[in-house]
Each structure stands twice: as structure tokens, then as C-alpha cells.
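Participant: Just passing along the structure, written as C-alpha cells.
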Amino acid sequence: MREAQSRLTAVLIAIVGALTVCPVAMLALGSFSQGLTSFGEFTLAKYAEVYGDPAILEVMANTVVFVLGSSALSTVLAIALAYLNTRTDIPFKALFGVVSVVPMMIPHLLFAASWALLLNPSNGMLNLALMQLLSLDSAPLNIYTLGGMILVEGLLDLPIAYLIIAPAMASFDVTLEESSRVAGAGPWRTLLRVTLPVLRPAILAALILGIVRSLASFAVPQVVGMPGRVRVLATYLYEMIATGFATDYGKAAALGMSVLAASVTLIVVYRALTAASEKFVTVSSRGFRPSVVELGRARSPLFAAVAVLSLVLIVLPVAVLLYTSFVPYSMLPGAKALGMLTLRHWQAVLTDPISLLALKNSLFLAVVGATLGVALSVFVAYAVVKVKTRAAGVLDSLSYLSFSFPGIVIGVGFMWFFVHTPLYATIWALLLGYIATYLPYGIRPMSSAFIQIHSHLEESSLVCGASPMTTMRRIIVPLLVPGIVSGWILMASMFVRELTLSVVLSRPGTEVLAVQILRFAEDGLWGRLSALGIVMIAISTALVVAATWAGARVRSVE
């Protein structure tokens, strides 16, 4: 048994290592090479060109402001929402708890596009409404600024920050707050002097993860920032490999090494903070119930504020896209717009060969990629949770490494790797890149499921003569159905909406939905973008429903 587990762990280390370490190694080697066609001719010229460019200082400054601003915004909003939903008597707390995480299902590209449709200075719908209402000659708001980028990215990262902070907020010991109030402190002083300091590890973890996500963000900087000529590292890197007549992957690799190093460092800090959070646990008894703070007169205004935020996070992006897909050009909703509704954009998208090919490729990558990714995740999670050897620890670290990969950066690494293989410019390159990048999203649900399966079940099967593979197939896998369904849904949804890796690896014939939508945004074809975006959201929703139904059927048969 031990020998079989050791062999399995070794094979998994080889597979996961190839998926995660190889692109990083190729990125490092590529940063010292003259170019794709002269790989191996090492030089420091690429680093000198990148960091000697006068524009890099402005790009770095924009990146720092964007990253810190958006992560701070998402963390502050998450703290406020978590406190209201878990510690106060605000109405419909259960509904708002769901609303806080639902935006994770809306692709970042479409969320950014919807805000561009609302607040662009030329014909944004909200700007048109304000100009008409206030009799203004020019648009009062402009989303194409650094502040606009921070707003959109902060709203996008809010669900992740909420999922980190809310559980810690809900399990806070009531006696600490009660002691503060007995000593004469009011609710606000108690919040600032007692509650938030004890929650510091969770808050810092949310802030660090927000920084990592915004550092890797490409959709918001490209759709919102580039029209206003606000460049950050992601878009600066993209310009090196996607614009002009001579792309320079060596310079991109040199810049990408710095971004990757910063991201990996932040993830290490994040893991240390989440591990240290156990030292701040204040609840240990079964009878614990968090205290409820009465909001009094502030109850209705705060409820209205949370309701508006929920509307902005969920209803508004989808509604704007759906409306734009049926009108000939950007206009305010009304009788005139109702009389001009058209299916022109839908017909253009559904008869466009490239859009149909992108749809086919995205479906293939979602279904096949998620299936292969979950299958690999099952074995990796088994080795990490059940084997518990030093080699399994190495495997866990390798599998988590890709969580820190900024998509566009690691895409350059994969480019250096695939260009020397027959996989270059094929759909299989995208498939392997997707699985490598999003493997942690499959492993985490699997690990949680394995922890709940007692080792006695596996041992009993082996004692009865079953082989390890038979035990896995007949005993363990059926018990993993909820985790498998969760992992498959998450990975499939990620694959349908994936953009940052795709813009680097996609080539003619391997277009995917996100890349085609980005092309529509760059060309100003907002109607076609909206129609294809609604198709993307419909596919993601259908995948979730289908996977949930299949998981329920499997459990009912058993």
C-alpha cells in the first residue's frame, strides 16, 4: 500500500511539476534570451531595455495606485458587508449573504464592459441620462481613468474579500465586545478598538489576496484603462506581445519575472496570514452565538445602501449587456429605444464564423478541460490529504504555486515552452495552460471532501482484497460526488471566461469567447460584445445547472 502511494505521489509530482514549474523555468530562460527563434543565446539586454524605458516609471506608479486602491476598496466594502450581514439586525441578511458572492459568476471582462457602457464619456448611458437631466453640455463622469479602474476592480474583488472576512466576523466571541461595552465604549469604539484588531489576520489576508488579483488583472486595465491611456504592468506587457510589427517576448519575459516574483511573494505572505489566524480564534464552545447589534434609525438607510450595492454588483451589469444587445446604438431606455429594438447584433454574432468557432472552442475547453482537471485534482488531493509524506507536502506546494500565477505573465512562459513543441498554436496548448493555471480551484474542493472520508473505509476495502484503484473507484469516488461537482463547476466556469492566458496563447483557429469579446471591445462593437457576452453568461449558468443536476442524479442512484 505504501509503495503504491509513493509511486502515485512521484507520478503526480512529475505531472504537476511539468504544468507549474516548466512555464516558470521557460519564462526565466526566455528573459535572458535574444528571442523565440534564438533561444539559448543568453543576454541581459532584455532587462536593460525594459527597465531602462522611461515609460516604466509611470507604468509602475499607475500599477501601485491601481493595485493598492482596488484592494483597499474591496476590503473596506467586505468588512462593512460582513459586519452588517453577520453582526447586525439589518433585514434580509441571508439574501445579502448570497448576493455578496454571486458576482463571482460574472466574467470580469463583461463586468468591465458594462461599466464602460454606462460611464464612457462619449455615449455612456448614465452620462447621457445625467446630461439630459441636468442640461449639461458634456459628460460629467468618465470611467476611463485610474479612479474608474479602481472602482470596477474593487467591486470585482469584493466577493473574495467577503468570503475571507465574513466567517471570521461571524465567529467572533461575544464576550470581548460585551466587556468593551461594560467598560463604557460605544458600538463604533468597540468595532475599531476590539473587533477589527482581533480580525487583523483575516483582514490582511483579504487585502493581500486583493493585491494579488488586481496585480494579475487584465480585463479592467484593458477595457477601462487603455481608452484613457492609463497603462499598468499587465497592459504594458500585453503591448509588447500583441501590438506593433515586431513582438518582443524576451522583453515581456523580463518584465514578467518581476510581476511573478511579486505575486509569489504575496501568496506566501497570504498563506502565512491564513495559517496565523488560528492564533486569533476566540470561539471554542458549542453554545456560542454572535451578538446582534441593533442599528436603530440607521437600519433603513444601511439596508438601502446594501440593496443599491447589490443592484450594482449583479443586476446592473447583466441588464446593461442585455439591453445593449437589442438596441442599434447606445441610447437611454424609453419609448424611442423600445421602437428601435433589433436582433441585428445577435444575427451578426450567430452568423460570424470566428464567433461560432470561439463558442465551439470555449465549450470544448470547458467540458474536456474541467473533466481532466478534476480527474487530476482527485488524485492530487488524495495524495496531499491521505498520504501525508514529505513528498506529498512537495506536491501540495507545487499544486498551490499556480494560484500565484498572473495569467498574462505565465502565458508568456507557456509561449516560450510551447513554441518549441508541436502544441504551439493548437487548442491543446490552451487546454494544458488552463489546467495548469486553475488546478488549485479543483484541488481545494477535493481536499475538503477527502478530509471528511475516514481512512477506515479505504483500509476495509483493501483488507477485503480490492486493489487501490478499485478502492478509489468503488469506495472513495462515490463519496466525493459533492466535491467533484463543486470542483467541476468552478473549473468549467473559469475556463469559459478565461481571458488573460488566452490573449497570449490564442492564435487564428483557436479563438475563445473571451478573446473574441475583447476584440469587439477594442473595435467599439458594443452591441455584438453584449450579445456574445450574454451567450457566455448563459453557457456558464447552463454548466452550473447541468453539473448540479448530474451530481444530484448520481447521489440519488447510490
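Participant: Under a 5 Å amide H to amide H cut-off, with H placed in plane at 1.01 Å, what residues pair with S33 once short-range neighbours are removed?
Facilitator: The answer is T43.
Participant: Shifting gears a bit: Which order do the peptides 332-339, 27-34 come out in when sorted by mean C-beta neighbours inside 10 angstrom, highest first? List each step's numbers first, then the result.
Facilitator: On the way: 332-339: 10.2, 27-34: 21.2.
So the peptides 332-339, 27-34, ranked by packing, come out 27-34, 332-339.
Participant: If packing is taken as the average count of other Cβ atoms within 10 Å, what order do 342-349, 414-421 fall into, highest mean first? Present the calculation step by step, with values, prior to reporting the outcome.
Facilitator: Values: 342-349: 16.2, 414-421: 19.5.
Highest to lowest by the protection proxy: 414-421, 342-349.
Participant: Could you list which residues have their amide H under 5 Å from that of T88, counting only those 5 or more apart in sequence or on another chain, with H placed in the peptide plane?
Facilitator: V293
Participant: Taking only protein heavy atoms into account and a 1.4 Å probe, give the accessible area per residue of the stretch 489-537 in Å². Kindly include the intermediate steps, with their values, before the conclusion.
Facilitator: Values: 1190 Å² over 49 residues.
On a per-residue basis, 24 Å².
Participant: List the lysines whose Cα sits under 28 Å from the Cα of K386, skipping any in the same chain fewer than 8 residues away.
Facilitator: Once the sequence-local lysines are set aside, what remains near K386 is K279.
Participant: Can you tell me which lysines have their Cα less than 18 Å from the Cα of K46? Leave out same-chain residues fewer than eight positions away.
Facilitator: Straight-distance partners of K46: K251.
Participant: In the stretch 343-464, what percent of the accessible surface is made up of carbon and sulfur (1.4 Å probe, ligands and nucleic acids excluded)?
Facilitator: Numbers: 3510 of 5080 Å².
Of the solvent-accessible surface of the stretch 343-464, carbon and sulfur hold 69 percent.
Participant: Then there is this: Could you sort the peptides 122-133, 439-450 by per-residue average Cβ neighbour count (10 Å cutoff), highest mean leading?
Facilitator: 439-450, 122-133
The values are calculated or read from the model by the stated rules, or taken from the named source; none is laboratory data. Note that the structure is a prediction, hence the values are computed from the model and not measured. Heads up, the Cβs are rebuilt from the backbone with ideal geometry, glycines too, and the neighbour counts pull from every protein chain shown. Just so you know, the surface numbers come from the protein's heavy atoms only, side chains and all, with ligands and any DNA or RNA stripped out. Shrake-Rupley method; radii C 1.70, N 1.55, O 1.52, S 1.80 Å.
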